[in-house]
Amino acid sequence: MEPEILFLLGVYLVPLALVSLASAWADSRRPWVALLLLALSGGVLGYVALMRDEGLFALREIPDMTVAMIARIVANL
């Protein structure tokens with residue numbers, strides 16, 4: 001898989017983990033899904049950092065990469 005796709009996956013899993021954490025806190029449950037999502041996100045971002053010689057992408061690149069990814073998906077429909 002391309003590092004751009006993996007980076008976006010890792011970045012967009014973090015807000016999902018935070019929402020899951022808030023939901024678990026509100027319902028007085030243990031945040032297993034939130035922990036799993038955070039671990040998965042950290043693993044994916046760590047893999048991207050090791051895979052690329054330059055390290056992780058800059059945060060300012062996220063919007064452009066997202067638009068480019070959506071354009072690639074729409075072009076393949």
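A few comments on the model shown:
- Using the rule -39500 (n - 2.57) for each DSSP H run of four or more residues, divided by the residues of the chain, the 222 nm mean residue ellipticity is -26000 deg cm²/dmol.
- Projecting label points 7 angstrom from Cα along Cα→Cβ for Leu36 and Leu21 puts them 1.8 nm apart.
- Kirkwood-based shape ratio for the chain, expressed as Rg/Rh from alpha carbons: 1.07
- Per-residue Karplus couplings for the stretch 47-60, computed as 6.51 cos²θ - 1.76 cosθ + 1.60 with θ equal to phi - 60°, are listed in order as 5, 5, 5, 7, 6, 8, 5, 7, x, 6, 6, 6, 5, 5 Hz, Gly and Pro entered as x.
- Debye intensity ratio I(q)/I(0), log10, the stretch 1-45, q values 0.13, 0.16 Å⁻¹ (C-alpha model): -0.29, -0.41
Only the coordinates and a few stated rules stand behind these numbers; no lab work does. Predicted model, so just to flag it, every value in this text is computed and none were measured. Glycine gets a Cβ as well: all are built from the backbone with ideal geometry, and neighbour counts include every protein chain shown.
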